[in-house]
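Okay, structure first, notes after.
The values are calculated or read from the model by the stated rules, or taken from the named source; none is laboratory data. The structure displayed is predicted, hence computed values, not measured ones. For neighbour counting, all protein chains shown are included, and Cβ atoms are generated from backbone atoms with ideal geometry for every residue, glycine included.
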Amino acid sequence: MSMIFERKLPIPMEVKERYPLTYELEAVVKNRAAEIKDIFTGKSDKLVLVIGPCSADNEDSVIDYILRLRTVQEKVQDKIFIIPRIYTNKPRTTGDGYKGMLHQPDPNEKPDMYKGIVAIRELHIRALRETGFSCADEMLYPENYRYLSDVLAYVAIGARSVENQQHRLTASGFDIPVGMKNPTGGDISVMMNSITAAQHKHTFIYRGWEVHSEGNPLAHAILRGYVNKHGQSLPNYHYEDLVHLAEVYANSGLANPGVIVDTNHANSGKKYLEQIRIAKEVLHSCRHDADVKKLVKGFMIESYIEDGAQKIGECIYGKSITDPCLGWEKTERLIYDLADLL
């Protein structure tokens, strides 16, 4: 056989029982969920920042980073709602490279999926306990969502997953916002179809069960740029792109029109310093069009303690081992600048 079955992993209910939330932490998640819902339904005009490392590669440095965000959040809480990124599983374009803490709790050791499941749950709980933040993660494997379903504030569906039926149907059963990225080829209709599917009710197979979902009215768009047939990165965050998306939404009949602008990836051409300019340009667009202002709910920003990226094994504390990120000093300045522009 070309597929070797290593071992049976515990089901999510078992992991949650071994690593439970306290009542106090459950209340934190619930209260933040209510505030986030108000933003995506238009009851609140706060700006969402889904911000943090490209990948959560080291527990201590991730918590250090999020603690810094907590200090900033308290100063901008009247205008900005921060959702830290704890991205614990990473899709890889070719399948090679670091796939995240779920696969390798220690990037220098071989994959261990059970240790990974425990590590990612413990990291999200530690963030809740020590910083008061419920956080965001990307859903690479739909069947694994339940391991973290009680701790997450936000879920992203990546550009390579957005056409997948199981991702769409699973997202329809969430009760938190789920962002659907445009695919790498840039076809906006694919993203909109995914949002439509996620907002509808479905019956499907999930983790060996027949399940029924109620639909997720908080499913929304994420613009992340795209790659053309020549392999060149092209942006889709400009004013004209946002006006067009607002028009598409207006004709769609979808609930709660909204977009998060991903300032990195193809939008920046992976030139991470461009994230600063991109975020400010989008806010400038919002000032010129009421429909665009209503549509834009916030930004997705890749940021860590140190600027740039490093190779696995270099061991520079707080520096990304996947995509390059904004360092802390630039991140802090950007958040304050955005607050001033609101």
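Inclusion of Lys75 among residues that are modelled with pLDDT of 90 or more and outside any loop (DSSP other than H, G, I, E, B) is warranted.
So, of the residues in region 170-192 that are in a helix (DSSP H, G or I) and of a type in the set (S, T, N, Q), which turns out to be surrounded by the most Cβ atoms within 10 Å (Cβ to Cβ)? Full working, then the answer.
Keep residues of region 170-192 that are in a helix (DSSP H, G or I), which gives 170-171, 188-192.
Still in the list and also of a type in the set (S, T, N, Q): 170, 189.
Working: Thr170: 28, Ser189: 10.
Ranking the candidates gives Thr170 first.
State yes or no: is Val62 closer than 28 Å to Tyr336 by Cβ and in contact with a Gly (Cβ under 8 Å, 6 or more places away or on another chain)?
Values: closer than 28 Å to Tyr336 by Cβ: yes; in contact with a Gly (Cβ under 8 Å, 6 or more places away or on another chain): yes.
Against the criterion (closer than 28 Å to Tyr336 by Cβ and in contact with a Gly (Cβ under 8 Å, 6 or more places away or on another chain)), Val62 qualifies.
Can you name the residue in region 71-111 that is of a type in the set (A, V, I, L, M, F, W, C) and under 20 Å from the mean Cα position of the chain (by Cα) and is also surrounded by the most Cβ atoms within 10 Å (Cβ to Cβ) among such residues? Of everything passing the filter in region 71-111, Ile86 is surrounded by the most Cβ atoms within 10 Å (Cβ to Cβ). Quick check: is even one residue across region 193-202 surrounded by fewer than 24 Cβ atoms within 10 Å (Cβ to Cβ), outside any helix (DSSP H, G or I) and hydrophobic (A, V, I, L, M, F, W, C)? Among the residues of region 193-202, not one is surrounded by fewer than 24 Cβ atoms within 10 Å (Cβ to Cβ), outside any helix (DSSP H, G or I) and hydrophobic (A, V, I, L, M, F, W, C), which makes the answer no. Can Ile66 be described as surrounded by 15 or more Cβ atoms within 10 Å (Cβ to Cβ), in contact with a Leu (Cβ under 6 Å, 6 or more places away or on another chain), at pLDDT 95 or above and of a type in the set (Val, Ile, Thr)? Judged against the criteria, Ile66 is not a match.
If we only count strands (runs of 3 or more DSSP E) wholly inside region 212-319, which ones have 3 or more residues that are touching a helix residue (DSSP H, G or I) at 6+ places or on another chain (Cβ under 7 Å) and within 24 Å of Ala198 (Cβ to Cβ)?
On the way: elements: 219-223, 259-262, 296-302.
Filter on region 212-319 gives 219-223, 296-302.
Considering only residues of region 137-169 that are of a type in the set (S, T, N, Q) and out of contact with any Leu (no Cβ under 8 Å at 6 or more places or on another chain), which is surrounded by the fewest Cβ atoms within 10 Å (Cβ to Cβ)? The extreme case among them is Gln165. Scanning region 203-215 for residues that are closer than 20 Å to Pro12 by Cβ and β-branched (Val, Ile, Thr), we see that the one that is surrounded by the fewest Cβ atoms within 10 Å (Cβ to Cβ) is Ile205. Across region 286-308, which residue is surrounded by the most Cβ atoms within 10 Å (Cβ to Cβ) among those that are free of Cβ contacts under 8 Å to residues at least 60 places away in the same chain and among the small types (Gly, Ala, Ser)? Once the filter is applied, the top-ranked residue is Gly308.
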